[in-house]
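One structure below.
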C-alpha cells in the first residue's frame, strides 16, 4: 500500500493572502523602524558623552542627504504606527464602560489620536523654545 | 502554576508602543528633519550646548533614556513575535538577537547619559 500523503496546507506567504494579514504585517514591521530611530538617538547620546567634537560629527551626519531621506521614511512609518496603534487600541484594552454603555471603538481611536496630536504640539513647543 | 515571564516584556512593549505612537513622529521630524535643516530658524537649531544642557538635567536624562530604551524594548518584543509568524524557529539565539539588543542599548544609553 502506498504511503499516506496527507494534505498539509502550505503556510508560505500566508500573510499575502488577505488584506487583513497585509495590514497586520505592515503594523508589525514598523517595529524595525522604531528600533532604527532608537539606534540613531543612541548614537547621538554616545557621541554627546564623548564631547563637543564627537557630537558635532553626529550632527553633520544628520545633515547629510541620506540621513534626511532616512528620516523622511521614518516619519512616514511613525505616522502609520501612530494610526495603527490607536486603531487596534479598542481591541487591546479592556472594554471601557461609561454610565452603562460600552465606549465605541471609534471613540477610543479618536481619543488616542487626539492625545497624540496634543502631545506632539506640546513637544514641538518645548523643543522650539524661546526664540533667541 | 508556572508563572509566565511575558508580562514585564509585554509591559515594556506597550509602554514603548504608546510613547512612540504619541510623540514618535514629531520626534523624528524635530531631531531628523527640522533641526538638522534649521527649518524654524535658530530656535530649533541642534547645538552641542543645547543638547548637553538638556542631558545634564535629571529630567532630561530620564526623557532621553525613556525614549531610547522603551523604543528598543517595543521593537524587540514585536520583532521577536513577528519572526514566529514568518516561520522562524524561536530559540535562545533569536531571543538574544531581539531582547539582547534592547538590553545592551538600554545599558549603553544609561552609561552614556551618566557620564554626559
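Quick check on residue A:18: is it at the interface with chain B (Cβ under 10 Å from one of its Cβ atoms) and exposed (fewer than 14 other Cβ atoms within 10 Å of the Cβ)?
No, not satisfied.
Condition (residue is facing chain A (nearest Cβ under 9 Å), in contact (Cβ under 8 Å) with a residue 12 or more places away in the chain and either over 16 Å from the mean Cα position of the chain (by Cα) or more than 28 Å from residue A:12 (Cβ to Cβ) (or both)) applied to region B:84-103: is it met by at least one residue?
Checked against the condition, which is being facing chain A (nearest Cβ under 9 Å), in contact (Cβ under 8 Å) with a residue 12 or more places away in the chain and either over 16 Å from the mean Cα position of the chain (by Cα) or more than 28 Å from residue A:12 (Cβ to Cβ) (or both), region B:84-103 yields at least one hit.
Please determine whether any residue of region B:56-66 is facing chain A (nearest Cβ under 9 Å) and in a helix (DSSP H, G or I).
yes
If a residue must be facing chain B (nearest Cβ under 9 Å), more than 20 Å from the chain's Cα centre (by Cα) and in a helix (DSSP H, G or I), how many such residues does region A:62-91 contain?
1
Can you tell me which of B:113, B:70 is more than 8 Å from every other protein chain (Cβ to nearest Cβ), crowded, with 18+ Cβ neighbours inside 10 Å and either under 27 Å from residue B:26 (Cβ atoms) or out of contact with any helix residue (DSSP H, G or I) (no Cβ under 9 Å at 6 or more places or on another chain) (or both)?
Unique residue meeting the criteria: B:70.
Modelled with pLDDT under 90, closer than 27 Å to residue A:121 by Cβ and not in a helix (DSSP H, G or I): does that describe residue B:90?
no
Quick one: in region B:73-83, of everything that is at the interface with chain A (Cβ under 8 Å from one of its Cβ atoms) and closer than 25 Å to residue B:114 by Cβ, which residue is farthest from the chain's Cα centre (by Cα)?
Among those residues, the one meeting the criterion is B:76.
Condition check: modelled with pLDDT under 95, outside any helix (DSSP H, G or I) and out of contact with any helix residue (DSSP H, G or I) (no Cβ under 6 Å at 6 or more places or on another chain). Does residue A:24 satisfy that?
No: the conditions fail for residue A:24.
Quick check, is residue B:32 within 20 Å of residue A:54 (Cα to Cα), buried (at least 17 other Cβ atoms within 10 Å of the Cβ) and over 14 Å from the mean Cα position of the chain (by Cα)?
Yes: the conditions hold for residue B:32.
The values are calculated or read from the model by the stated rules, or taken from the named source; none is laboratory data. The shown structure was predicted, so the numbers you read here are calculated from the model rather than taken from an experiment. Heads up, the Cβs are rebuilt from the backbone with ideal geometry, glycines too, and the neighbour counts pull from every protein chain shown.
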